[in-house]
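What follows draws every value from the coordinates through simple rules; no lab data is involved. Please read these numbers as outputs of a predicted model, since none were measured by experiment. So basically every Cβ, Gly included, is an ideal-geometry build from the backbone, and we count neighbours across all protein chains shown.
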Amino acid sequence: MKFIVNSQQLLKQLSSLSGVLTSTSSVIDCFKFETHSTGRSQAITDIACERVTAIEMPPIESHEGPVPSRLVGFNEARCKHEHSGTVHFYINDGLFKCIWNDRNKYVPLLRQYESVIGPDFSQYVDMTYDERYYNAWRNRTLTAEWQSYGINVIPNVTWSLPDSYDYSFSGIPKHSVIAVNCTAIYGHNLSRYLWRKGYEEMLQRLEPRLIIRYGDKMPEENEAISVYFPNERLQRLRRLPRKPRIRKSILMSNQSNLFSYGK
């Protein structure tokens with residue numbers, strides 16, 4: 001997420017507010033950002049919407065199984081012949097939308113793994129409240145269905161803006177093993193702020209016994225109850241050599257020489 005305005009100014013305004021923030025418009029009036037999906041700049045007030053009566057979140061069961069020893073992305077799990085480890089969905093939504101479009105097809109596959117972390121259909125801040133609620137409801141619905149089929153599912157806990165806390169944490173049992181992802185937020189001030197505020201709210205409401213953490217360690221989180229698994233794809237990208245940056249003046253000079261050749 002690339003901010004067009006000074007994000008420090010936004011963070012200062014957020015920090016000055018007391019209590020739990022209840023709506024997007026109460027925090028931001030004219031700050032703009034570049035959306036994750038379209039690349040278009042839009043006012044954050046343009047995406048705020050009124051709450052509507054929504055379908056109740058289905059309750060899910062606590063996870064009491066063993067701690068995962070390794071995580072496998074669903075896109076890789078579909079191709080593997082050896083079904084060991086724990087399947088996760090911390091990948092692009094398009095790579096696992098099939099689990100919703102054909103709800104029963106992948107149940108036999110998931111049953112073969114030691115455990116499964118609940119789905120992670122995304123809640124981006126440039127979505128409407130209804131869109132975010134719908135994705136959270138899909139995550140919870142599939143988790144409940146898989147548990148009913150005897151699959152060992154670890155509840156996946158995710159949130160977005162503060163107005164998501166009520167539905168994000170409702171129906172999830174207290175004192176359970178849960179899973180939490182923080183991919184692609186470390187380099188963005190506002191994303192880190194929203195993640196940390198939601199993390200603190202999650203600890204208070206759910207009091208988890210253990211947290212399966214995917215992605216970078218974040219400042220001020222409870223490491224004593226966390227087991228960390230790195231985002232291997234991101235780590236591979238970080239290890240790739242960076243291409244040298246070419247100064248624009250040199251590039252223009254080379255182009256000039258190219259077009260003047262033979263004159």
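Loop-only GluC sites (Glu not before Pro) in the range 75-183, please: DSSP not H, G, I, E or B, and at most 14 other Cβ atoms within 10 Å.
Numbers: sites: GLU76, GLU82, GLU114, GLU131, GLU145; in loops: GLU82, GLU114.
Within the range 75-183, the qualifying GluC sites (Glu not before Pro) (loop, at most 14 other Cβ atoms within 10 Å) are GLU82.
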Name the residues whose placed amide hydrogens come within less than 5 Å of the amide hydrogen of VAL177, ignoring near sequence neighbours (fewer than 5 apart) on the same chain. HIS63, ARG209, LEU210
Pull up all non-local amide H partners of VAL72: gap of 5 or more, or a different chain, and H-to-H distance under 5 Å with H placed in the peptide plane. THR86, VAL87, HIS88
Taking 212-221, 148-157 and ranking on average Cβ neighbours within 10 Å, highest first, one gets 148-157, 212-221
In sequence order, calculated HN-Hα J values of the range 204-220 (Karplus, 6.51, -1.76, 1.60; Hz; x Gly/Pro): 5, 7, 9, 6, x, 6, 7, 10, 7, 9, 10, x, 5, 5, 10, x, 6
